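Asks: Would you mind keeping the following structure in view while I ask a few things?
The values are calculated or read from the model by the stated rules, or taken from the named source; none is laboratory data. All of these numbers come straight from a predicted model, not from anything done at the bench. FYI the Cβ positions are ideal-geometry reconstructions off the backbone, even for glycines, and counts take in every protein chain you see.
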Amino acid sequence: MSELNKIALKIISNGKGILAADESNGTMTKRLEAINVPSTPENRLLFRETILSSESMKECIGGVILYDETINQTTSFGKLIPDLISSSGALPGIKVDTGAKNLANSSEEKITEGLDGLRERLKKYYKLGARFTKWRGVYCISDKYPSKLAIHSNAHALARYSALVQENNMVPIVEPEVLMDGDHTADHCLKKTSEVIKKCFDELILHKVDLSGIILKPNMILDGSSSKYKISGEEISQKTIQCLQNSVPSEVPGIAFLSGGQSEIEATENLNLINKNNTTKFIMTYSYGRALQQSALKTWSKNTKDIKKTQNIFNHRVKMCSLAAKGKWSNELENK
Ligand code: 13P
């Protein structure tokens with residue numbers, strides 16, 4: 001078993017999942033402004049140190065993805081953020097892409113940037129305690145998108161990123177996200193997501209990436225958010241499993257889904273059904289941002305000093321997701 005494989009398994013085994021707390025300052029500003037909290041470095045830190053000090057971290061969270069600002073911050077009680085995460089038994093991770101820009105010659109689509117100087121940044125992040133990383137490729141979906149160009153160029157970037165990350169002894173999270181936006185059917189999402197994931201693996205293999213030392217972070221197979229169709233959770237789980245079974249090589253240890261705009265309950269329920277119906281050998285867990293933090297953020301905004309109340313909300317959400325990662329979640333437990 002390679003060291004990278006051990007790290008990947010440590011992050012995602014036994015119902016543990018990933019907290020994606022790597023919102024860029026721009027995204028975090030949008031989230032904070034929506035709840036009338038000024039987006040200062042101090043407030044961004046305060047929310048994050050509140051949830052990262054929660055009791056459920058120990059039991060449920062295997063890794064936390066951070067943004068550059070946060071990995072360099074020290075909590076109000078004097079602990080470095082990576083040390084706070086490690087003290088709960090989780091591994092610190094870091095988002096290393098520099099965002100999605102318009103793709104030349106297909107300007108309605110995006111290409112994720114950040115390869116320039118990446119090797120040097122990775123060395124710095126390793127020294128700060130990071131043991132895994134994230135890079136998100138983002139694909140819009142419609143009759144004509146994602147184009148072959150977007151599928152190819154994002155897969156190429158994800159593979160070059162992954163090779164550099166492994167060279168620096170960290171586990172790359174490979175995140176190709178086919179967006180929920182649009183009126184497409186789940187079957188169209190299945191077709192396009194399969195194409196996107198297969199191309200990613202073609203490129204990862206070409207770039208000699210050790211597939212046992214990565215974590216795949218895909219979208220679930222859903223109807224578009226403005227589609228007139230609404231398939232059941234059962235169908236979502238079956239189509240998602242079918243997609244991954246047919247497009248992910250067996251060496252990959254596990255899959256950690258993004259929530260992508262699903263509500264907290266939808267993201268939990270769907271993950272639960274995926275695990276109940278999982279016929280693959282892949283671990284299937286969560287790497288949620290919004291679906292872990294939304295309610296906690298709302299509660300926190302009402303009284304940023306009431307740490308316990310925010311932590312209670314966060315603890316519940318995280319525990320529900322970890323139950324779902326074992327296929328043991330239920331409505332009764334949710335509402336207990
Ligand atoms: P969401 O779960 O909010 O989609 O965020 C996950 C993530 O890390 C997106 O890159």
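Asks: Determine which member of the set 110, 95 is buried (at least 17 other Cβ atoms within 10 Å of the Cβ), within 16 Å of residue 287 (Cβ to Cβ) and either away from the ligand (no atom under 16 Å from the Cβ) or basic (Lys, Arg) (or both).
Replies: One residue alone meets the criteria, 95.
Asks: Could you identify the single residue in 34, 21 that is within 15 Å of the ligand (Cβ to nearest atom) and either farther than 20 Å from residue 133 by Cβ or exposed (fewer than 14 other Cβ atoms within 10 Å of the Cβ) (or both)?
Replies: None of the others qualify; the one that does is 34.
Asks: Could you check region 229-336 for helices (runs of 4 or more DSSP H) lying wholly inside it with 1 or more residues that are under 17 Å from the mean Cα position of the chain (by Cα)?
Replies: By residue number, 233-247, 264-277, 290-302, 307-324.
Asks: Also, I was wondering about something else. Tell me, please, whether a residue that is at pLDDT 95 or above and farther than 30 Å from residue 281 by Cβ can be found in region 2-13.
Replies: The answer is no, given that none of the residues of region 2-13 is at pLDDT 95 or above and farther than 30 Å from residue 281 by Cβ.
Asks: Here are some conditions: (1) more than 16 Å from the ligand (Cβ to nearest atom); (2) crowded, with 19+ Cβ neighbours inside 10 Å; (3) of a type in the set (Phe, Trp, Tyr). Residue 77 meets all but one. Which one does it not meet?
Replies: With (1) more than 16 Å from the ligand (Cβ to nearest atom); (2) crowded, with 19+ Cβ neighbours inside 10 Å; (3) of a type in the set (Phe, Trp, Tyr) applied to residue 77, the lone miss is (2).
Asks: Are there any pairs, at least 6 apart or on different chains, whose C-beta atoms fall under 6 Å, with the first in region 263-287 and under 15 Å from residue 331 (Cβ atoms) and of a type in the set (A, V, I, L, M) and the second within 16 Å of the ligand (Cβ to nearest atom) and assigned to a loop (DSSP other than H, G, I, E, B), and if so, which?
Replies: What qualifies is 267/259.
Asks: While we're on this one: Based on what the data block shows, is residue 157 part of a helix (DSSP H, G or I), modelled with pLDDT of 95 or more, under 21 Å from the mean Cα position of the chain (by Cα) and within 16 Å of the ligand (Cβ to nearest atom)?
Replies: yes
Asks: What pairs come out if I take residues in region 161-187 that are assigned to a loop (DSSP other than H, G, I, E, B) and pair them with residues that are among the basic types (Lys, Arg) and more than 14 Å from the ligand (Cβ to nearest atom) whose C-beta lies under 9 Å away, six or more apart or interchain?
Replies: 168/119; 168/123; 169/131; 170/131; 183/228; 184/192
Asks: Let me confirm something: among 208, 192, 217, 239, which residue is out of contact with any helix residue (DSSP H, G or I) (no Cβ under 9 Å at 6 or more places or on another chain) and either farther than 24 Å from residue 10 by Cβ or at pLDDT 95 or above (or both)?
Replies: Unique residue meeting the criteria: 217.
Asks: Right, here's the next one. Residues of region 59-97 being of a type in the set (Ser, Thr, Tyr) and within 16 Å of the chain's Cα centre (by Cα), which ones?
Replies: If the condition is that a residue be of a type in the set (Ser, Thr, Tyr) and within 16 Å of the chain's Cα centre (by Cα), then 67 is the only one that fits.
Asks: Inside region 128-153, can you point out the residues that are within 17 Å of the chain's Cα centre (by Cα), within 16 Å of the ligand (Cβ to nearest atom) and not aliphatic (A, V, I, L, M)?
Replies: Listed by number, the residues that qualify are 132, 133, 134, 135, 136, 137, 139.
Asks: If we keep just the residues of region 175-203 that are away from the ligand (no atom under 16 Å from the Cβ) and hydrophobic (A, V, I, L, M, F, W, C), which is farthest from residue 258 (Cα to Cα)?
Replies: Per the stated criteria, the residue is 201.
Asks: What pairs can you find where one residue is in region 94-118 and more than 26 Å from residue 18 (Cβ to Cβ), the other is more than 16 Å from the ligand (Cβ to nearest atom) and among the hydrophobic types (A, V, I, L, M, F, W, C), and their Cβ atoms are less than 8 Å apart, with a gap of 6+ or different chains?
Replies: 103/149; 103/150; 105/149; 106/149; 106/150; 109/103; 109/149; 109/150
Asks: Which pairs turn up if I take residues in region 18-30 that are in a loop (DSSP other than H, G, I, E, B) and look for partners that are hydrophobic (A, V, I, L, M, F, W, C) and within 9 Å of the ligand (Cβ to nearest atom) with beta carbon separation below 7 Å, at least 6 apart in sequence or on another chain?
Replies: Filtered contacts from region 18-30: 22/65.
Asks: Using the structure shown, decide if residue 214 is over 20 Å from residue 63 (Cα atoms) and either touching a Pro at 6+ places or on another chain (Cβ under 7 Å) or within 16 Å of the ligand (Cβ to nearest atom) (or both).
Replies: no
Asks: List, please: which pairs have Cβ atoms under 6 Å, are six or more places apart or on different chains, and start with a residue in region 65-90 that is at pLDDT 95 or above and end with one that is within 16 Å of the ligand (Cβ to nearest atom) and of a type in the set (Gly, Ala, Ser)?
Replies: 65/20; 65/93; 67/24; 90/62; 90/63
Asks: Right, here's the next one. How about region 266-288: which of its residues are under 15 Å from residue 222 (Cα atoms) and not polar (S, T, N, Q)?
Replies: 266, 267, 269, 271, 273, 274
Asks: What's the total number of residues in region 255-290 that are within 16 Å of the ligand (Cβ to nearest atom) and more than 23 Å from residue 51 (Cβ to Cβ)?
Replies: Count: 3.
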